[in-house]
Amino acid sequence: MNTIDKQPERHEIEVLLPWYAAGTLSRCDADLVERALARDSELARRYDLVRQELAETIQLNEALGAPSARAREKLFAAIDAEVADAPRHRRPGVTRSVTCHHTRDSMTETTPRA
């Protein structure tokens, strides 16, 4: 595989790195990322940066503390009001789910229609 063919695959994997670092990828996507990290040192370096950023974000958010009871109640009231005003229908026959398929170590998405 030449460098031109490898770039789109690297980009697809790099987009998944934050979710991989957080442990929220499906098993098939996590396997795909792990294989790519094992063979691509630049991607592994970028993954280290993603992990550092995640750790710093968690530390910052934990330092902020919890909102006050009044702020929390106001937020939940606003959410409840928005949910009550939201339309309750979806277009019939349309569903959106992404399935992971691997073809020659690359990822494609499919969107089934009900």
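Under a Cβ-Cβ cut-off of 14 Å, what is the net charge of the residues other than GLU53 that fall near it, where Lys and Arg count +1 and Asp and Glu count -1? Numbers along the way, then the final one.
Numbers: positive: ARG45, ARG46, ARG51; negative: GLU14, ASP48, GLU56.
That sum, taken over residues with Cβ under 14 Å, equals 0.
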Taking the C-alpha atoms of the range 3-87, convex hull volume expressed per residue in Å³: 150
Dipole moment magnitude, nearest 20 debye, the range 3-87 about Cα centre, only Lys, Arg, Asp, Glu C-beta charged: 200
Exposure proxy order (Cβ contacts within 10 Å, fewest to most) of GLU14, GLU34: GLU34, GLU14
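Would you please give the FRET efficiency between ALA86 and LEU49, computed as 1/(1 + (r/R0)^6) with r the Cβ-Cβ distance and R0 = 35 Å, to the nearest 0.05? Before the final figure, lay out each step's value.
Working: r = 38 Å, r/R0 = 1.09.
Efficiency, from the Cβ-Cβ distance: 0.35.
Bear in mind these aren't lab numbers, they're just calculated from the coordinates by the rules spelled out. Because the structure is a prediction, the values reported are computed rather than measured. As a convention, Cβ positions derive from the backbone with ideal geometry for all residues, glycine included, and neighbour counts pool all protein chains shown.
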